[in-house]
């Protein structure tokens, strides 16, 4: 492998990884707080992408800056996330993890098929939001788009980390999963915390949609399901419920995918999954997770 | 005790034969006119879906663990049986035996895969197990995409059309009967004990891992048989048919029917597999409707439509013949359903 | 007489210990239990009593020491293997198979006595019927021992608290063990129920010739039925002797009531 190929792949891997990491954050936040795999999370990306697909021409026609459509996507995604939570997830919250899992699967199906009915099954091309040149760095072609994407990802993650650690609501978000009843006793409105978690997670999905569309400007109604699954795996890999774990897992999955693709293009998915299995068997709670045994 | 059960088995066998004769009557007299063949096809679809869903219910309902990778075992069965049947075709074997051999081979291969997946995966529990089963199913799918013998990612076509409804009906009945007997034996009992409390199960001398892997393997075997029927009904398939969404569909049919109820699996699978066909004219909306039904069931009946209730022909006959005894029977039912 | 002298104790524990991180939850625990003997294990909360149970039943693997059942080394075996060898237990917080019927709770624990395989189960061979019939009979006998006859088909989770505790004892008996570990069997019971429990424990000791190791906070019960008592505090043994010796032991009183000026720290 030449240096330039390696470097190119590294950048690609980081780019892919940053996308996964952002999606994984949404999974991990929701899982961390209500112990539920929100399978519909992947589809929030699709919603974000469609929002941009429809609003970019609007913004351009109205003479407004195109990046405003990213804001629109964030708002739409957050609203959809909160609505899904209130309508579908809240009623089944007490019914056990099996019901929650199935409801999430059903919502995923619902959103995908609703999108098909509304927007059609034909793939659509999203216009570019940034049109940045490619620069040459030490003989390696570096598209500035990609650099910007990675930068946005890093900024989002850092911001989220600060939010969770420093703000009041962030602290509430950390306390609810530890002991829900105790959180209620100290005056935390658990339902509100859960709603906010969904809003933030979905907003992150919108940003992920932006990053994805910058790289692959294609929108389909089922674009979220595979990507969501891989991002979820990234979250589990890093240790689900742990925010730095989601970032680490996302970057790892991205890098593994891109590098394995170089050597065995047909097998990269299988190898990614195999690595997940091995890691979970060695460390059942993920790379950064803590093993908690059941008290007897 | 023993005699009572044997009579009940006999009654159930008669019931299965009666239903079969009803189907034969309907199809042979061509009640449905030109669409007879089409409806037969739907019924065949229902047969293999029932086998797949009931087998998944062994894991989800009776063992109490998520498996989101059942389609992986289905695909192993489908591809293996297709390869076996095409290898044996033209060797002078009667069609039915050819079909049966292919299905057994498919089931056996899926069972072996089940052992290989189960031993490592079943050390995990809950959501982690769910995600590892997804991972295994995806690995299986990628393998089929890369093996030349399975079409190398392209459609594998020209599989013999062997899935005749009448055969499939009996194969389905046999498969369900075997699973029912399995669940109502010491194996089902230990597995349910593990579901209730695995620590207490181990403290009662139950080898938790062994029985979990065993049940998982039995489930994988029948998933493979179901896959075999699928392959010989569709006659062409591609690995993406067996993706995550297919696993999710099977799982949701288990849940809608009722976890821990084979009756629920049968009716749920039969209904949901024919639903797409029945609503073909609104095909655009059918998955939309399906997902809404799913959410509704989860909100209003979290245990599934049938919970863990099992239909019993013997009980029904008893109820019909002596109504005054009805009250006593219904009290017994409650515990029987959970057993 | 000579044979009896040679016979190893039912349970022999030597220098058993476990560390969680840096904390020694149990340290150099020694114990010998003879046939039909009843030994009490007491100590303040967090003294490591349940941890001892978890060590002896293979839930935790000891970091030091070893233990023997009838002279057979048990270290490192899995829980189900230890149970098959003859050590069964109940749990502090009842762990029944709640959604299963009472009799199935017992039958599940008798699984290792059944030998019919998959084929016999599926085709309902005579072997299946014979073994299952025998099993039902035995299970009913055990339910009689704990006064639960006639409740076979009820769901275990629907039983009243005291009956659940008794069912757990019956389930432990069903494993055909030689040593029974009871973890606070009288917790939450009223005096009548406790009395009934006492009778059951005495009955099964005589009838099945089993030894019992008992954790209990109810001191009157412990003093009444235990032949010897072992007192744990902070994972170490602070006293071992007859009920009378224990009641007058200064260290035990200190551990329970604290030294002067220390707060009383005792609850169930």
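The values are calculated or read from the model by the stated rules, or taken from the named source; none is laboratory data. Quick caveat, the model's predicted, so the values are computed rather than measured. In this analysis, Cβ positions are derived from the backbone assuming ideal geometry, glycine residues included, and neighbour counts consider all displayed protein chains.
Name every residue in region A:69-90 that is within 14 Å of chain B (Cβ to nearest Cβ) and surrounded by 17 or more Cβ atoms within 10 Å (Cβ to Cβ), in order of residue number.
Within region A:69-90, A:84, A:85, A:88, A:89 meet the criteria.
Can you tell me how many residues in region A:93-102 are touching a helix residue (DSSP H, G or I) at 6+ places or on another chain (Cβ under 8 Å), surrounded by fewer than 22 Cβ atoms within 10 Å (Cβ to Cβ) and within 8 Å of chain B (Cβ to nearest Cβ)?
2
Suppose we keep only residues that are closer than 17 Å to residue A:51 by Cα and facing chain B (nearest Cβ under 7 Å) within region A:103-122. Which one would you say is surrounded by the fewest Cβ atoms within 10 Å (Cβ to Cβ)?
Out of the qualifying residues, it is A:117.
Table: residues versus (1) within 14 Å of another protein chain (Cβ to nearest Cβ); (2) surrounded by fewer than 21 Cβ atoms within 10 Å (Cβ to Cβ).
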{"position": "B:106", "(1), (2)": "no, no"}
{"position": "B:110", "(1), (2)": "no, no"}
{"position": "B:137", "(1), (2)": "yes, no"}
{"position": "B:145", "(1), (2)": "yes, yes"}
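Restricting the search to region B:203-217, which residues are surrounded by 24 or more Cβ atoms within 10 Å (Cβ to Cβ), facing another protein chain (nearest Cβ under 8 Å) and out of contact with any strand residue (DSSP E or B) (no Cβ under 6 Å at 6 or more places or on another chain)?
Correct list: B:204, B:205, B:206.
Taking the condition of being under 20 Å from residue C:30 (Cβ atoms), within 11 Å of chain B (Cβ to nearest Cβ) and touching a residue at least 60 places away in the same chain (Cβ under 8 Å), how many residues in region C:67-85 meet it?
Final tally of qualifying residues: 0.
Need pairs with beta-carbon distance below 7 Å; first residue within 7 Å of chain B (Cβ to nearest Cβ) and within region A:266-279, second part of a helix (DSSP H, G or I) and at pLDDT below 85; sequence gap 6+ or separate chains.
Close Cβ pairs satisfying both conditions: none exist.
If residue B:9 satisfies all but one of (1) out of contact with any helix residue (DSSP H, G or I) (no Cβ under 8 Å at 6 or more places or on another chain); (2) over 29 Å from residue B:193 (Cβ atoms); (3) surrounded by 12 or more Cβ atoms within 10 Å (Cβ to Cβ), what's the number of the condition it fails?
Condition not satisfied by residue B:9: (2).
Would you pick out the residues in region B:176-200 that are at the interface with chain C (Cβ under 7 Å from one of its Cβ atoms) and part of a helix (DSSP H, G or I)?
B:178, B:181, B:182, B:186, B:187, B:189, B:190, B:192, B:193, B:196, B:199, B:200
Need the failing condition index for residue B:154 against (1) more than 9 Å from every other protein chain (Cβ to nearest Cβ); (2) closer than 25 Å to residue B:97 by Cβ; (3) surrounded by fewer than 21 Cβ atoms within 10 Å (Cβ to Cβ), just the number.
Answer for residue B:154: the failing condition is (2).
So which of B:137, B:173, B:231 ends up being in contact (Cβ under 8 Å) with a residue 60 or more places away in the chain, in contact with a helix residue (DSSP H, G or I) (Cβ under 7 Å, 6 or more places away or on another chain) and more than 30 Å from residue A:227 (Cβ to Cβ)?
Working: B:137 fails: more than 30 Å from residue A:227 (Cβ to Cβ); B:231 fails: more than 30 Å from residue A:227 (Cβ to Cβ).
Unique residue meeting the criteria: B:173.
Say we look at region B:1-34 and pick out the residues that are closer than 16 Å to residue B:47 by Cβ and in contact (Cβ under 8 Å) with a residue 12 or more places away in the chain; which of these is nearest to the other protein chains (Cβ to nearest Cβ)?
B:16
Conditions (1) more than 13 Å from chain B (Cβ to nearest Cβ); (2) buried (at least 22 other Cβ atoms within 10 Å of the Cβ); (3) without any contact (Cβ under 8 Å) to a residue 60 or more places away in the chain, marked per residue:
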residue: A:197; (1), (2), (3): yes, yes, no
residue: A:217; (1), (2), (3): yes, no, no
residue: A:223; (1), (2), (3): yes, yes, no
residue: A:246; (1), (2), (3): yes, yes, no
residue: A:260; (1), (2), (3): no, no, yes
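Condition check ((1) buried (at least 24 other Cβ atoms within 10 Å of the Cβ); (2) over 23 Å from residue A:176 (Cβ atoms); (3) touching a strand residue (DSSP E or B) at 6+ places or on another chain (Cβ under 7 Å); (4) touching a residue at least 24 places away in the same chain (Cβ under 8 Å)) across all residues:
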{"site": "A:2", "(1), (2), (3), (4)": "no, yes, no, no"}
{"site": "A:9", "(1), (2), (3), (4)": "no, yes, no, yes"}
{"site": "A:13", "(1), (2), (3), (4)": "no, yes, no, yes"}
{"site": "A:16", "(1), (2), (3), (4)": "yes, yes, no, yes"}
{"site": "A:20", "(1), (2), (3), (4)": "yes, yes, no, yes"}
{"site": "A:52", "(1), (2), (3), (4)": "yes, yes, no, yes"}
{"site": "A:60", "(1), (2), (3), (4)": "no, yes, no, yes"}
{"site": "A:67", "(1), (2), (3), (4)": "no, yes, no, yes"}
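Looking at region C:148-163, which of its residues are outside any helix (DSSP H, G or I) and either within 7 Å of another protein chain (Cβ to nearest Cβ) or surrounded by 15 or more Cβ atoms within 10 Å (Cβ to Cβ) (or both)? First the steps, then the outcome.
Going residue by residue through region C:148-163, those that are outside any helix (DSSP H, G or I) are C:148-155, C:159-160.
Matches in region C:148-163: C:148, C:151, C:152, C:153, C:154, C:155, C:159.
What about residue A:250, is it buried (at least 18 other Cβ atoms within 10 Å of the Cβ), away from chain B (no Cβ under 14 Å) and under 21 Å from residue A:74 (Cβ atoms)?
Yes, satisfied.
(1) surrounded by 17 or more Cβ atoms within 10 Å (Cβ to Cβ); (2) in contact with a helix residue (DSSP H, G or I) (Cβ under 8 Å, 6 or more places away or on another chain); (3) at pLDDT 90 or above: which one isn't true of residue C:72, the others all being true?
(1)
For region B:239-254, state whether one or more residues are farther than 16 Å from residue B:63 by Cβ and at pLDDT 95 or above.
no
Of all the helices (runs of 4 or more DSSP H) wholly in region B:222-312, which have at least 2 residues that are within 12 Å of another protein chain (Cβ to nearest Cβ)?
B:244-257, B:283-300
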